[in-house]
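Reviewing the structure listed below.
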Amino acid sequence: MNLLLDTHIWIWNDLEPCRLSTSVHAALSDAKNELWLSPVSIWEVTVLIRKERLHLREEFRAWLQESVQALQLREASFTWRVAAELQTLATGHGDPADRFLATTAKVFDLTLVTADERLIEAPGLKILANR
C-alpha cells in the first residue's frame with residue numbers, strides 16, 4: 001500500500017509514536033508499504049516551528065534529512081494535475097493545505113493517513129484513519 005502521511009501523522013510517527021493508533025502504527029511499520037510525503041507537509045512543519053508549536057531538539061534541516069531518510073519517504077510533488085484537481089475536489093474542508101494534501105493523495109492514487117475528521121469523511125479518497 002502507498003501511504004501519504006499528513007503532517008501530524010509524519011510528526012507523530014517520528015517524535016510521538018504513542019499518538020498513533022494501533023492500525024496506523026502497524027501500517028507505517030510494515031516494510032511492504034511505501035511512505036509518501038507532500039511538500040505541503042514540509043511547509044506546514046516550518047510554520048509550526050516558526051509559531052513555536054513544534055520544538056525540535058536538533059536543527060530543522062538535520063531533523064528533516066534524518067526523518068526523510070530514516071522513514072524512507074518518497075515525495076509526491078506538486079504537479080499541474082494536482083493543481084487542476086484541487087479546483088474540483090469536494091472535501092468540505094476550507095483549509096488549503098489539507099485540500100492540497102487530499103488532492104495529492106487522489107492524483108497519485110495514495111492512501112491518505114490522517115487524524116483529521118474532515119478529511120476522513122471526504123468522498124472519493126482512500127483513507128487510513130488515525131482514531
Conditions (1) touching a residue at least 24 places away in the same chain (Cβ under 8 Å); (2) out of contact with any Ser or Thr (no Cβ under 9 Å at 6 or more places or on another chain); (3) of a type in the set (Ser, Thr, Tyr) -> Thr104 fails only (2)
Checked segment 62-98 for anything buried (at least 21 other Cβ atoms within 10 Å of the Cβ) and of a type outside the set (A, V, I, L, M); matches are Asp98
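Which residues, taken from segment 108-124, are touching a residue at least 12 places away in the same chain (Cβ under 8 Å), of a type in the set (A, V, I, L, M) and open to solvent by less than 30 Å² (accessible area, probe 1.4 Å)?
Keep residues of segment 108-124 that are touching a residue at least 12 places away in the same chain (Cβ under 8 Å), which gives 108-116, 118-119, 121-124.
After this cut, where a residue has to be of a type in the set (A, V, I, L, M) as well, the list is 110, 112-113, 115, 119, 122.
Hits for segment 108-124 are Leu110, Leu112, Val113, Leu119, Ala122.
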- Test Thr79 against the criterion of being β-branched (Val, Ile, Thr) and either in contact with a Phe, Trp or Tyr (Cβ under 8 Å, 6 or more places away or on another chain) or under 18 Å from Leu3 (Cβ atoms) (or both), and give yes or no. no
Of Asn13, Asn33, the only residue that is surrounded by 15 or more Cβ atoms within 10 Å (Cβ to Cβ), over 14 Å from the mean Cα position of the chain (by Cα) and of a type in the set (S, T, N, Q) is Asn33
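Considering only segment 47-61, I want to know if a residue exists there that is more than 26 Å from Val82 (Cα to Cα), aliphatic (A, V, I, L, M) and under 14 Å from the mean Cα position of the chain (by Cα). Steps first, please.
Of all residues in segment 47-61, those more than 26 Å from Val82 (Cα to Cα) come to 49-61.
Right, trim to aliphatic (A, V, I, L, M) and you get 49, 54, 56.
Applying the additional criterion that residues be under 14 Å from the mean Cα position of the chain (by Cα) yields none.
No, segment 47-61 has no match at all.
Take segment 36-56 and flag every residue that is part of a loop (DSSP other than H, G, I, E, B) and either open to solvent by 60 Å² or more (accessible area, probe 1.4 Å) or farther than 22 Å from Phe100 by Cα (or both). Step through it out loud before you land on a result.
Filtering segment 36-56 down to residues part of a loop (DSSP other than H, G, I, E, B) leaves 38, 51-56.
Selection gives Lys51, Glu52, Arg53, His55, Leu56.
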Taking segment 90-131 and keeping only residues that are within 23 Å of Ala26 (Cα to Cα), among the small types (Gly, Ala, Ser) and assigned to a helix (DSSP H, G or I), one is left with Ala102, Ala105
Across (1) in contact (Cβ under 8 Å) with a residue 12 or more places away in the chain; (2) more than 16 Å from Leu5 (Cα to Cα), Glu66 clears everything bar (1)
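The values are calculated or read from the model by the stated rules, or taken from the named source; none is laboratory data. All values reported here derive from a predicted model rather than from experimental measurement. FYI the Cβ positions are ideal-geometry reconstructions off the backbone, even for glycines, and counts take in every protein chain you see. These area figures cover heavy atoms from the full protein model, side chains too; ligands, DNA and RNA do not enter into them. Shrake-Rupley method; radii C 1.70, N 1.55, O 1.52, S 1.80 Å.
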